[in-house]
Amino acid sequence: YENAANSSIAYLLNEYSAASRALQTYLNINEIPSNFETELSTMNNGRLDIAGKDEQGRISLIIEGKFWANLTDNQPINYLKELDKEGILLFLAPDRRLESLEHEINNRTEVKDSRIKYVSWIKLLELIDKENSKNFNVQLNSDLAQLKELCKKMDEDGMPPLSNSDLSPMNGRINFQFADLIDDCNKLIRQWDESN
């Protein structure tokens with residue numbers, strides 16, 4: 001889902017000026033990259049979800065789209081190395097994840113880095129929708145509707161991965177209750193013809 005959503009964001013930014021203007025306004029930057037590429041592999045710093053390049057081919061904006069996947073070892077430290085001097089690393093995530101994601105990133109960078117920005121998927125899409133309303137484009141509206149539904153589904157139904165705090169000794173009672181639940185389910189499932 002992340003790859004599909006990231007490809008969709010890159011498509012919107014490359015195809016529709018309203019999408020680029022909305023992002024430019026949100027980031028409060030003078031110039032938006034002229035081209036956005038997805039899944040850009042670097043020599044040493046990992047694979048960038050979306051790399052925004054300027055006319056000279058320099059990466060001035062990296063967009064890292066997350067739903068519930070964990071950060072990779074390269075995020076954010078090595079991603080920042082791929083940016084030009086004034087570049088921005090933007091993390092897209094569900095509303096419910098933004099606070100914990102920012103906390104985790106600040107722990108990795110050890111200091112709040114002003115080049116790192118955050119926005120929810122829905123907020124960014126709403127900003128693009130608002131920009132589109134100024135000079136309405138039916139195709140952009142249709143594309144936004146599809147991506148909004150995917151993001152809404154992932155925001156509401158997506159299951160966050162377990163974190164270290166979920167597995168801490170403080171949660172021992174919950175772990176035992178969970179194990180009991182699994183045992184009870186196991187007995188029922190074994191009665192089904194489809195199970196082995």
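Suppose we keep only residues that are within 17 Å of Ser41 (Cβ to Cβ) and in contact with a Gly (Cβ under 9 Å, 6 or more places away or on another chain) within the range 59-69. Which one would you say is most open to solvent (accessible area, probe 1.4 Å)? If you could, list the steps in order and put the result at the bottom.
Looking only at the range 59-69, we keep the residues that are within 17 Å of Ser41 (Cβ to Cβ), and these are 59, 62-65.
Retained after the next criterion (residues that are in contact with a Gly (Cβ under 9 Å, 6 or more places away or on another chain)): 59, 62-63.
Numbers: Ile59: 18, Ile62: 0, Ile63: 2 Å².
The residue in question is Ile59.
No other residue among Ile128, Ile122 is in a helix (DSSP H, G or I), within 25 Å of Leu89 (Cα to Cα) and without any contact (Cβ under 8 Å) to a residue 60 or more places away in the chain apart from Ile122.
Can you confirm whether the range 186-195 contains a residue that is modelled with pLDDT of 95 or more and not in a helix (DSSP H, G or I)? No, the range 186-195 has no match at all. Looking only at residues in the range 37-46 that are touching a residue at least 24 places away in the same chain (Cβ under 8 Å) and over 11 Å from Ala10 (Cβ atoms), which one is farthest from the chain's Cα centre (by Cα)? Per the stated criteria, the residue is Asn44. Is it the case that some residue within the range 96-107 is open to solvent by 50 Å² or more (accessible area, probe 1.4 Å), farther than 19 Å from Asp143 by Cα, not hydroxyl-bearing (Ser, Thr, Tyr) and not in a helix (DSSP H, G or I)? No, the conditions are met nowhere in the range 96-107.
Only one of (1) farther than 27 Å from Ser133 by Cα; (2) surrounded by fewer than 19 Cβ atoms within 10 Å (Cβ to Cβ); (3) out of contact with any Asp or Glu (no Cβ under 6 Å at 6 or more places or on another chain) is not met by Asn14, so which one is it? With respect to (1) farther than 27 Å from Ser133 by Cα; (2) surrounded by fewer than 19 Cβ atoms within 10 Å (Cβ to Cβ); (3) out of contact with any Asp or Glu (no Cβ under 6 Å at 6 or more places or on another chain), Asn14 is out only on (1).
The values are calculated or read from the model by the stated rules, or taken from the named source; none is laboratory data. Predicted, not measured: the structure shown is a model, and the values here were computed from it. Here Cβ is always computed from backbone atoms with ideal geometry, including for glycine, and neighbour counts include all displayed protein chains. Ligands, DNA and RNA are stripped out before the accessible areas are found, and what is left, the full protein with its side chains, is counted by its heavy atoms. Shrake-Rupley method; radii C 1.70, N 1.55, O 1.52, S 1.80 Å.
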